[in-house]
Amino acid sequence: MAVEANFPLLILLILLISAFMMPVIKNIRTVKLFSLSAMLLSLVLSVFTFKHVSRAGTFVYKVGHFAAPWGIELKIGYLESIMSIMFTFIAALIIWASFYSIEHEVKEKNIGLYYTLCGLLIASLLGIVYSNDIFNCFVFIEISSIAASGIVVVKDNKENIKAALKYLILSSLGSGLVLMGIAFLYSVTGNLNMDYIHQELVNVKDLYHNTLIISLGLFTVGLGVKSAMFPVHIWLPDAHTYAPSSSSAMLSALVLKAYIILFIKIVFRLYGIDIVNSMPVLDIVLVTGAAGMIYGSIMAILQKDLKRMIAYSSVAQIGYIFFGMGLGNFLGFVAAVFHIISHALTKSALFLIAGNIIHQTHSKEIGSLKGIGIEMPVTMGVFIAGALSMVGIPLFIGFNSKWNFALAIIDSNKILFIAVLVASSVLNAVYYLPIIINGFFGEENIKDKVFRSKEKPVQVLLPELILAFAIVYFGISSKGIIDLITKSIAGL
Amino acid sequence: MERLITNYYETASIILFGIGFMTLLIHNNLIKKIIGMNIMDTSIFLFFIAKGYISGKEAPIIKGAYKGVEGYINPVPTALMLTGIVVAVSVTAFALALTIKVYDKYGTIELNEILEKGGD
């Protein structure tokens, strides 16, 4: 066995062990650097894992050397290794950006604990992505929901506690539903390993048709609650608005995505797309996704608080992802996975920028951001890249994902849904563009504003600039990554 | 009806699941919500363990002579539910800790009053 095959488990161990070492380190600067270096090490190991996968194909790692139906397996293919690189890359940038902002938002004695929670959260999300054992995934889901509530409540304000409690109750409801789904599947197949469950399901699918519909429904609603699918997204705006901005970026860019990846694995690996397409579940996902795209955008237009607007925009973007999966064809899933990456890059940049703007101007209101482009040109430059990508302007990554969604819609013969896609893009423009226009143009807006007066130093903005560069780079050359995603979905 | 009575473990656990789910959703009191969450989790444990039970067999602990695989119930669901219980306990503890914090800051644990006071 090649040495790279050990890397996925090693990444989990590095992140978990380093996370639990943070509280004993007294010096805050050491904690920060330690946390960042653990994340960068995981990124490097993820890249090596990806190299290994592209050389030797999908591989299975047996944890503790117990063979498959009894032991737990980590199964790493293209999808898992790409997602692993994305998660660690974005988490490293968010942690780097949080170096300069966390003191303003979290009490000094809690900063060590904050980085503990970050490490724990990323480790559990990567666990969900890697694991091939459905019960193991459930345990990682629970760890991630506790850690994610933790990074919301760490700010210790009135609203944070309310938002975190709401999030915790709804996400434990979601994981209860997932566990019930596992119980139904275990009772008809007697297995917990996804590949083995699939083998059994192929034999018994006609016998237990209703049981399978119920369990897939439970998985959909359970994971839907956790990834903020439209009718059950109600925890998201509060949690994302009140959390520290680096937490908001992590929640929106990474936490929501891990559950969607688990859902994709459940659809392709556990049930198999043929069995799923014989049930009406994906059609319901399509309708809720389309409704979420419109509802999230309309709610975002109505918001006055900058972070709350971006949070509702997340509801709409998650709607896009579920919409792509709901189309039920191969291209739809490719577009959904590409949008996972594009939304993760864009939304983490937008939340980090929102944090900077709120800190420098001491105002959360969108209305008070007049002339901000003159005062903070570099910050707003990154904001423009993110906003144009969300709207779907060519040259930015958001355009490529919308293009792929359109191709998937045409391929699935549900042409009417193009209207939903276009309407949602127009609505996105309605709430992002006014901020840019008020920031740069208008006689009244830019009167008395001093050029670069509120700008932060460039090294503080470097993580955001890297994200903006990635948004543009993948916007111009997305073919390589689309090919990889096509290969990864085909290999599931 | 007869199927419900034969599978009385499953029936009971689904009824408990419904009770827990509704308690979680409709009650305003946070403690009652957490109780509902616990009832829901416990019903899933009952469901799972009932799946592993084989009538007439012993618990999978070897006392004296080993009776062979046929002599014992399926130990996997029981082991899984031990993990499930640990997870449920930690989530409950965290939720209760947050409830104490909520009471400190808002002076009440009724959700409708909290939403009125903290409304934005």
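Throughout, read-outs are computed from the coordinates displayed, never taken from laboratory work. Quick caveat, the model's predicted, so the values are computed rather than measured. Heads up, the Cβs are rebuilt from the backbone with ideal geometry, glycines too, and the neighbour counts pull from every protein chain shown.
Values as computed for the structure displayed
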item	result
Cα long-axis angle, helix A:330-361 against chain A (0 to 90 degrees, to the nearest 10)	30 degrees
Assigned charges on the beta-carbon of Lys, Arg, Asp, Glu; the protein assembly as shown dipole about Cα centre (debye)	780 debye
With Cα atoms, 0 to 90° folded angle of helix A:397-411 axis to chain A main axis	40 degrees
Degrees, to the nearest 10: A:417-440 long Cα axis against longest axis of chain A	30 degrees
Residue A:156/residue B:89 FRET efficiency (R0 41 Å; Cβ-Cβ; nearest 0.05)	0.95
Helix-derived mean residue ellipticity, 222 nm - over the protein assembly as shown, DSSP H n ≥ 4, -39500 (n - 2.57), to 500	-25000 deg cm²/dmol
Shielding by partners - mean other protein chain Cβ count within 10 Å, residues of A:173-184	6
Shape metrics for chain A, restricted to C-alpha atoms - Rg then Dmax, Å	21.7, 74
When segment A:410-492 is reduced to its Cα atoms, the Kirkwood hydrodynamic radius in Å	17.5 Å
Inter-chain Cβ neighbour average for residues B:75-81, partner chain, 10 Å	3
Where labels lie 7 Å past Cα in the beta-carbon direction, separation of residue B:15 and residue A:274 in nm	4.1 nm
Lysine pairs within segment B:2-117, Cα separation less than 28 Å, 8 or more sequence positions apart or different chains	12
Rounded to whole Å, sorted largest first: equivalent-ellipsoid semi-axes of segment B:2-117, Cα gyration tensor	39, 18, 7
For peptides A:52-58, A:89-95, sequence by mean Cβ density within 10 Å, most packed first	A:89-95, A:52-58
Cα-based Kirkwood hydrodynamic radius, segment A:261-340, one decimal, Å	13.1 Å
Non-local Lys pairs in segment A:280-492, i.e. 8 or more apart or on different chains, that have alpha carbons under 17 Å apart	13
Rg over Rh [alpha-carbon atoms, Kirkwood Rh] for segment A:280-492	1.01
Fraction in percent of alpha-carbon pairs per bin - 5 Å, segment A:1-154	2, 10, 19, 22, 19, 13, 9, 5, 2, 1
Inter-chain shielding of A:142-154 (mean C-beta neighbours from other protein chains, 10 Å cut-off)	2
Percentage, to the nearest whole number, of Cα pairs in segment A:74-132 over 16 Å apart	50 percent
Alpha-carbon centroids, segment A:97-131 and segment A:24-95: separation in whole Å	16 Å
